[in-house]
Amino acid sequence: MNEDWRVVFESRHLAACKDRALVLAAVNIPHQVISDAGGCALIVPAEFSSDAVEELGLYEDENPPVAIARPPRIDYQDALPGIFGFTVIVAMVAWADAVNLFGMDWRTAGRVHGELIRDGEWWRLVTALTLHSGPSHLAGNLVFGTFFGFFAGRLLGSGVAWAAIVIAAMLGNFVNTLLLASTFKSIGASTAVFAALGILAGYVWRARLMSQERWSYRLGPIIGGFALLMFTGTGDENTDVGAHLLGFLAGLVTGILLTRWRDRFGSSRVQYAWGGVALGLIIAAWGSALGSH
């Protein structure tokens, strides 16, 4: 056998050499695959090298390497102002409710009440998010709200994240009142908590912030969001599962829509503006509740 052999292909992966060896075998070009710890090489007799290179070139043209889509770079935002604002607001409302500030029954004035909301008391869609039945209810929503709100704030910025959370939670409460009896009543920030979870799931999925190579990764944010909803959003007979589910779905849609403006979230003006919207909605809602009671 002619001992003058030429290298026509090299790779760190043995499978790549074997694939190209099949190409040469199909056109009857003698060849060998040699390998060591550093990789492998495909060699052919010198007189066949030009034909081998041509055949391998045709193979490469017909089978270009698959480009692996990398997750886009994430510019993390400051989530702490939103967490601070959330904690202060629910704590202040809890205190005002406990001492009957201004001589008002805050729960009666601010809770979700289907019939009254349908009669125009829109503010209940917001005020109910800041009310709680007791210390354990308040503590649970503070923990989960801080957890999901932190990650939403890191991705979207505090202002955009909490404006989106409040608006999505309002929508979730509204749809829930349409589906249930007109006498339905509820309080609690859990609708907002699950709106934050939905926003995270929708935004991460639509913005493709996770690897896209496998379907399980592509759908991971959505599947993970529903799994957390099922794990943390269902409980005893006093749990408003409908509000949790609808808050999550409203957040999911909101998160998907927010990806259209993701390039603007780095602006401090945008964050301040939307933070003002979130705070303004809460102030306007409680102002309307106080004015009507």
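Each value in this text was obtained by applying a stated rule to the coordinates, not by laboratory testing. Keep in mind that what you see is a predicted model, and the values were worked out from it rather than measured. Glycine gets a Cβ as well: all are built from the backbone with ideal geometry, and neighbour counts include every protein chain shown.
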Cα-based Rg then Dmax for the range 26-166, in Å, read 32.6, 100
The alpha-carbon center of the range 158-211 and that of the range 1-42 are separated, in whole Å, by 58
Of VAL23, ALA94, TYR59, whose Cα points farthest to the positive end of the dipole of the range 17-119 (charges on the beta-carbon: +1 Lys, Arg; -1 Asp, Glu; origin at the Cα centre)? ALA94
To the nearest Å, what is the center-to-center distance of the range 132-148 and the range 73-127, using C-alpha atoms only? 13
Residue order, fewest to most beta carbons within 10 Å, for CYS40, CYS17: CYS40, CYS17
The range 60-136: Kirkwood hydrodynamic radius (Cα pairs, Å) comes out at 16.5
Taking only the alpha carbons of the range 5-62, the radius of gyration and the largest Cα-Cα distance, Dmax, both in angstrom, are 10.4, 29
Dipole magnitude (debye, nearest 20) for the range 5-62, charges at Cβ of Lys, Arg, Asp, Glu: 280
Given 37 °C, 0.692 mPa s and a Kirkwood radius over Cα pairs, the Stokes-Einstein diffusion coefficient of the range 92-183 in µm²/s is 228
For the range 80-164, give the magnitude of the charge dipole about the Cα centre (Cβ charges: +1 Lys/Arg, -1 Asp/Glu; no others), in debye to the nearest 20. 240
